[in-house]
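To start, the structure under review is shown below, and the notes come after it.
The values are calculated or read from the model by the stated rules, or taken from the named source; none is laboratory data. Bear in mind the structure is a predicted one, so any value in this text is a computation, not a measurement. Counting neighbours? That spans all protein chains shown, and the Cβs are built from the backbone with ideal geometry, glycine included.
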Amino acid sequence: MDKFIHIRSARFPILPGEKEELVNEGMYGKALAEYLQSKLQERGYAAPFVCCEDWGWWVELKTAPFTFGVCIYCGPDREGPLDLFCTDGAMARKKWSWRRFRFVDTTPYVNKLHEDLVSIFRADSEVQVLATDLDSPFVDDDTEPGAPPNGGPGAQSGHSGVTEGPPSVI
């Protein structure tokens, strides 16, 4: 899970009966999962199924020599269309492949999937792409006062009152 894509669209509503399928309350995204299953199949991916997980929705992809797919997360409740986030399902840069009996670099698969997802969303005029490179789907800008939006050095919060010690605490 390298980069998260944040989208919003009325195209992906809560589907009838979806609430009863959820493992955990509020983890919607079935409409997006089914949409991506279809769009990824059009691009040559083998996407045999979607399923609800405790964290959100999974779109299985059989095009890599390791367990791979799209993870879909639903943002907090809000008025209007759902905030949805998606990323690749690769948990590490290298994964063990029993078929190949060696570690496989996931990077080419992850990068291609990310590019294809961004392309799919940008080609659809009904989908608003809010971000394509988030480190996490649920980052709140107010959780770290003084933290810059680009991840660089943050603003100092003032003098700590400490007179001795390393420069970071003085």
Determine whether the range 56-75 contains at least one residue that is loosely packed, with under 13 Cβ neighbours inside 10 Å and in contact with an Asp or Glu (Cβ under 9 Å, 6 or more places away or on another chain). no
What pairs come up if the first residue lies in the range 58-81 and is more than 18 Å from LYS30 (Cβ to Cβ), the second is of a type in the set (A, V, I, L, M, F, W, C) and at pLDDT 95 or above, and their beta carbons are under 7 Å apart, counting only those six or more places apart or on different chains? LYS62/ALA46; THR63/ALA46; PHE68/LEU61
Please pick out the residue among ALA92, ALA47 that is assigned to a loop (DSSP other than H, G, I, E, B), touching a helix residue (DSSP H, G or I) at 6+ places or on another chain (Cβ under 7 Å) and not polar (S, T, N, Q). ALA47
Every residue from the range 114-133 that is within 12 Å of the chain's Cα centre (by Cα) and surrounded by 14 or more Cβ atoms within 10 Å (Cβ to Cβ): HIS114, LEU117, VAL118, THR132
Kindly provide the set of residues from the range 50-75 that are in a loop (DSSP other than H, G, I, E, B) and not hydrophobic (A, V, I, L, M, F, W, C), ordered by number. GLU53, ASP54, GLY56, LYS62, THR63, PRO65, THR67, GLY75
Determine which single condition VAL110 fails, assuming it passes every other condition in (1) touching a residue at least 60 places away in the same chain (Cβ under 8 Å); (2) surrounded by fewer than 17 Cβ atoms within 10 Å (Cβ to Cβ). (2)
Can you name the number of the only condition in (1) exposed (fewer than 12 other Cβ atoms within 10 Å of the Cβ); (2) at pLDDT 95 or above; (3) touching a Lys or Arg at 6+ places or on another chain (Cβ under 7 Å) that GLY44 fails? (3)
Restricting attention to the range 138-149, does a residue exist that is surrounded by 10 or more Cβ atoms within 10 Å (Cβ to Cβ) and either modelled with pLDDT of 55 or more or under 24 Å from TYR45 (Cβ atoms) (or both)? yes
Residue check for LEU84: outside any helix (DSSP H, G or I) and touching a helix residue (DSSP H, G or I) at 6+ places or on another chain (Cβ under 9 Å): yes
Across the range 1-44, what is the total count of residues that are within 18 Å of the chain's Cα centre (by Cα), among the polar types (S, T, N, Q) and part of a helix (DSSP H, G or I)? 1
Give just the number: which of (1) of a type in the set (Lys, Arg); (2) surrounded by fewer than 15 Cβ atoms within 10 Å (Cβ to Cβ); (3) within 24 Å of SER136 (Cα to Cα) does ARG8 not satisfy? (2)
